[in-house]
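Colleague: This is the structure, below, for whatever I ask next.
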There are 2 protein chains.
Amino acid sequence: MLNQVTIIGLGLIGGSLARALKQQQFAARIVATGRDESQLRWAVENGVVDAYAMDIVEACTGADVIVLAVPLGAMATCLQAIKPALQATTIITDVGSAKASVVAAAQQVFEQIPENFVPGHPIAGTEKSGVQASFATLFQNRRVIVTPLTHTQERAVNTVRDMWLATGATVDQMSVEYHDEVLAATSHLPHLLAYGLVDTLVNLDSSEEIFRFAAGGFRDFTRIASSDPVVWRDISLANRDAILEVLARYRHDLDTLAGYIERSEGEALQTLFARAKRARDKCMKQLES
Amino acid sequence: MLNQVTIIGLGLIGGSLARALKQQQFAARIVATGRDESQLRWAVENGVVDAYAMDIVEACTGADVIVLAVPLGAMATCLQAIKPALQATTIITDVGSAKASVVAAAQQVFEQIPENFVPGHPIAGTEKSGVQASFATLFQNRRVIVTPLTHTQERAVNTVRDMWLATGATVDQMSVEYHDEVLAATSHLPHLLAYGLVDTLVNLDSSEEIFRFAAGGFRDFTRIASSDPVVWRDISLANRDAILEVLARYRHDLDTLAGYIERSEGEALQTLFARAKRARDKCMKQLES
């Protein structure tokens with residue numbers, strides 16, 4: 001058992017990680033820090049963490065593992081702030097949804113990226129935000145991706161892997177670049193499309209009326225448009241290039257689809273829909289198995 | 001209690017309607033017809049309907065209400081086929097997701113659209129198809145829209161309304177044109193975007209790998225891409241103009257969004273995401289209340 005894990009940013013992800021690690025007794029102490037003291041106090045009172053400190057150095061001192069669970073835009077500031085608390089053996093990891101930008105932030109802060117820094121990303125979440133929405137089973141049967149660099153120490157990678165395995169997740173390893181491509185396609189693009197759809201409807205003349213007739217399909221399709229705007233602003237900026245690439249492909253494909261409808265090409269539409277349905281059904285079967 | 005309701009096309013919608021009407025004893029007999037005899041036989045054996053006939057005229061003879069629950073592309077053929085069974089008092093309705101095309105089909109078949117024809121549309125469904133997927137509570141707390149024409153008889157509208165009320169739905173009335181605009185925005189566009197997203201991902205080089213990392217957001221977002229390709233081909237063709245209009249707005253808005261990302265305009269992104277989140281959260285609160 002480790003002595004201490006410190007979580008910086010106790011929201012949905014940080015809070016759920018804290019709960020899972022406490023349940024599994026992964027460390028003797030789970031400590032948190034963040035900007036909102038009332039949230040941190042709530043977390044201690046409700047057994048989410050053992051202690052908190054408003055001072056980030058104080059919270060990180062003595063930690064075996066420091067987890068940065070803050071929006072991507074805050075990574076550089078946090079890395080800078082924890083510097084005084086770091087020892088040679090302190091393992092650092094993060095939960096950011098884009099990895100190249102976190103690596104760039106570490107590069108900028110440390111010049112030489114620490115050998116104990118393991119970029120990570122749990123593919124889990126809900127559209128809710130805040131520690132009150134956190135729960136210990138959030139990561140169960142979910143995938144966590146770690147993207148160690150060439151000089152990252154094996155020992156650090158193993159500890160971060162063990163931490164996520166303790167939450168019930170499975171852990172995959174891949175390159176920073178590949179992670180960012182995959183996530184742009186499977187997560188970032190859908191979020192942008194959902195936000196975009198709701199915003200298009202908001203701007204229609206009769207939008208109030210229109211939302212009244214939204215049905216289950218709309219509800220599911222737009223669930224992710226209820227996600228935290230700051231988090232998604234940061235992801236959009238941080239994974240800009242990979243997002244723009246897959247978004248360009250999507251816009252091109254949407255032009256093709258619009259062309260089929262314009263020209264009433266029923267067969268082409270049916271072929272496209274059937275191909276998408278097959279792929280989606282197959283994907284879901286694999287996820288369930 | 002009516003004597004007989006005949007349902008043409010016993011799939012998810014037709015089957016669920018049959019189950020609900022039988023439970024509520026809305027008619028003495030629920031009769032079905034369709035193309036697949038094994039499905040119809042299964043439906044009788046499992047108490048979904050009281051009887052079936054492969055011959056459409058036979059199935060419709062003696063019906064007080066005939067419900068066309070077939071894909072939009074089959075409406076004209078079915079309307080033509082039921083002609084010999086119609087009496088002056090026979091009420092006809094349908095469940096098509098676009099209404100102008102059904103009205104056009106009726107115009108074409110009957111020249112003068114019957115006074116007892118009430119175009120209708122239950123806003124309910126799942127991504128599953130077929131009578132085996134049907135269930136009696138599908139329409140509970142859902143909205144059904146009826147779009148009577150100026151010369152449609154009040155008595156016919158009332159009977160169709162009572163039928164849907166019996167299933168637990170609420171019934172709204174609006175014009176054909178308005179229905180088609182609203183549904184293009186809230187249902188047809190989301191379906192096209194979801195099919196389009198899955199298809200874009202299918203065409204990526206590493207699509208097999210990519211689907212492995214699809215998470216909950218993707219699952220919800222693309223659920224509707226598992227819908228029946230024939231049904232959605234027909235809807236795309238039938239509601240072409242309204243779909244193209246809202247699709248054009250969406251593509252324009254997506255271009256704007258892509259521009260924000262290209263130029264790293266964080267504030268504009270956050271404003272857009274926050275506006276969409278507010279609208280979506282408000283919409284869901286209304287749907288739940």
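What follows draws every value from the coordinates through simple rules; no lab data is involved. Computed from a prediction, not measured in an experiment: that's the story for all the values here. All Cβ positions, glycine included, derive from the backbone under ideal geometry; neighbour counts span all protein chains shown.
Colleague: Only bridges with both residues in the protein assembly as shown count here: give the DSSP antiparallel percent, nearest 5.
Modeller: Here the antiparallel bridges make up roughly 15 percent for the protein assembly as shown.
Colleague: Sticking with this one: Tell me which aspartates and glutamates have Cα within less than 12 Å of residue B:22's Cα, excluding those fewer than 8 residues away on the same chain?
Modeller: Partners within reach: B:50.
Colleague: Once a ≥ b ≥ c are taken as the square roots of the eigenvalues of the Cα gyration tensor of the stretch B:2-174, is the result rounded (a/c under 1.5), prolate (a/b larger than b/c) or oblate (a/b not larger than b/c)? Write down the numbers at each step before the final one.
Modeller: Values: a/c = 1.44, a/b = 1.18, b/c = 1.21.
In terms of gyration-tensor shape, rounded.
Colleague: Counting helices only, and only those DSSP H runs with n ≥ 4, report the 222 nm mean residue ellipticity of the protein assembly as shown as the sum of -39,500 (n - 2.57) divided by its residues, in deg cm²/dmol to the nearest 500.
Modeller: About -15500 deg cm²/dmol.
Colleague: Report, in degrees rounded to the nearest 10, the 0 to 90 angle that the Cα long axis of helix B:100-110 makes with the longest principal axis of chain B.
Modeller: Once rounded, the angle reads 30 degrees.
Colleague: Under 17 Å Cα-Cα from residue A:277, which lysines qualify once same-chain neighbours fewer than 8 residues away are excluded?
Modeller: Straight-line reach from residue A:277, under 17 Å: A:285, B:128.
Colleague: Which one of A:102, A:160, A:198 has the biggest mean-square fluctuation once chain A is modelled by GNM with Cα springs under 10 Å?
Modeller: In this elastic network of chain A, the residue with the biggest mean-square fluctuation among A:102, A:160, A:198 is A:198.
Colleague: What are the label-to-label distances in nm, one decimal and shortest first, from residue A:80 to the same spot in the other copies, with labels 7 Å along Cα to Cβ?
Modeller: From this label point to the equivalent ones elsewhere in the assembly: 7.4 nm.
Colleague: Within 10 Å of each Cβ of A:226-238, how many other protein chain Cβ atoms are there on average?
Modeller: Neighbouring Cβ atoms belonging to other protein chains average 6 per residue here.
Colleague: Considering only chain B, what is the antiparallel percent among its DSSP beta bridges, to the nearest 5? Can you show the working numbers first?
Modeller: Working: 4 of 26 bridges.
If we restrict to bridges inside chain B, about 15 percent are antiparallel.
Colleague: Here is a further query. When only Cα pairs under 8 Å and 6 or more residues apart are kept, what is the percent relative contact order across the stretch B:103-239?
Modeller: Numbers: 133 pairs, mean separation 33.5, N = 137.
Over the stretch B:103-239, the number comes to 24 percent.
Colleague: Please say if the protein assembly as shown is rounded, prolate or oblate, where rounded means a/c under 1.5 for a ≥ b ≥ c the square roots of the C-alpha gyration tensor eigenvalues, and otherwise the choice is prolate for a/b larger than b/c and oblate otherwise?
Modeller: Prolate, since a/c reaches 1.5 and a/b exceeds b/c.
Colleague: Also: If you average the sequence gap of Cα pairs under 8 Å that are 6 or more apart and divide by the length of the stretch A:178-263, what percent do you get for the contact order?
Modeller: Values: 34 pairs, mean separation 39.1, N = 86.
Normalised by residue count, the contact order of the stretch A:178-263 is 45 percent.
Colleague: Just to confirm my numbers, what's the Cα centroid distance between the stretch B:35-112 and the stretch A:141-184 in Å?
Modeller: Cα centres, the stretch B:35-112 to the stretch A:141-184: 56 Å.
Colleague: I would also like to ask the following. What does the copy distance list look like for residue A:45, label position 7 Å along Cα→Cβ, in nm and ordered from shortest?
Modeller: Sorted ascending, the copy-to-copy spacings read 6.1 nm.
Colleague: Picking from B:96, B:196, B:11, which is most flexible by a Gaussian network model of chain B using Cα springs under 10 Å?
Modeller: Comparing B:96, B:196, B:11 in a Gaussian network model of chain B, the most mobile one is B:196.
Colleague: What ranking do A:263, A:212, B:240 get, fewest neighbouring Cβ atoms within 10 angstrom at the top?
Modeller: A:263, A:212, B:240
Colleague: With axes computed from alpha carbons, what is the tilt in degrees of helix B:266-288 against the longest principal axis of chain B, rounded to the nearest 10 within 0 to 90?
Modeller: 30 degrees
Colleague: Which of A:107, A:87, A:270 moves the most in a Gaussian network model of chain A with Cα springs under 10 Å?
Modeller: A:270
Colleague: Between chains A and B there is a rotation axis; tell me the chain A residue with the nearest beta carbon and how many whole Å away it sits.
Modeller: That would be A:220, 2, residue then distance in Å.
Colleague: Further question on the same structure: Return the distance in nm (one decimal) between the two label points of a simple spin-label model at residue A:128 and residue A:1, each offset 7 Å from Cα along Cα→Cβ.
Modeller: Label-label distance for residue A:128 and residue A:1, simple model: 2.8 nm.
Colleague: Something else about it: Given Cβ point charges of +1 (Lys, Arg) and -1 (Asp, Glu) and nothing else, what value in debye, to the nearest 20, does the dipole of the stretch B:99-230 about its Cα centre take?
Modeller: Charge dipole, the stretch B:99-230, about its Cα centre: 440 debye, nearest 20.
Colleague: Follow-up question, since we're still on this one. Could you work out how far apart the two model spin labels at residue B:108 and residue A:178 are, taking each label as a point 7 Å from the Cα in the direction of the beta carbon, and quote it in nm?
Modeller: So the two model labels end up 5.2 nm from each other.
Colleague: Any idea what the residue B:158 label distances to the other copies are, label 7 Å down the Cα→Cβ vector, nm, shortest first?
Modeller: 8.1
Colleague: If each residue's Cβ is checked for other Cβ atoms within 10 Å, how do B:285, B:277 rank with the fewest at the top?
Modeller: Placing the least packed residue first, the sequence is B:285, B:277.
Colleague: Over the whole of A:124-132, what's the average partner chain Cβ count within 10 Å per residue? Rounded to a whole number, please.
Modeller: 2
Colleague: What aspartates and glutamates could a cross-link reach from residue A:83, if we take a straight Cα to Cα line under 18 Å and drop same-chain neighbours fewer than 8 places away?
Modeller: Residue A:83 reaches A:55, A:58, A:64, A:94, A:111, A:115.
Colleague: Still on this structure: Give me the angle, in degrees from 0 to 90, between the Cα long axis of helix B:229-238 and the longest principal axis of the Cα atoms of chain B, rounded to the nearest 10.
Modeller: Between the helix axis and the principal axis of chain B, the angle is about 90 degrees.
Colleague: Here's another thing I want to ask about it. Under 1.5 on a/c is rounded, so check that first for chain A, then, if it is not, pick prolate when a/b is larger than b/c and oblate when it is not; a ≥ b ≥ c are the square roots of the alpha carbon gyration tensor eigenvalues.
Modeller: On the way: a/c = 2.09, a/b = 1.78, b/c = 1.17.
Taking the square roots of the gyration eigenvalues as a ≥ b ≥ c, chain A is prolate.
Colleague: What order do you get for B:280, A:251 when you list them from fewest to most C-beta neighbours inside 10 Å? It would help to have the intermediate numbers written out before the result.
Modeller: Details: B:280 28, A:251 16.
In order of increasing Cβ crowding within 10 Å: A:251, B:280.
Colleague: Here is a follow-up. How many nm is it between the label spots at residue A:207 and residue A:88, if each spot is 7 Å from the Cα in line with the beta carbon?
Modeller: 5.9 nm
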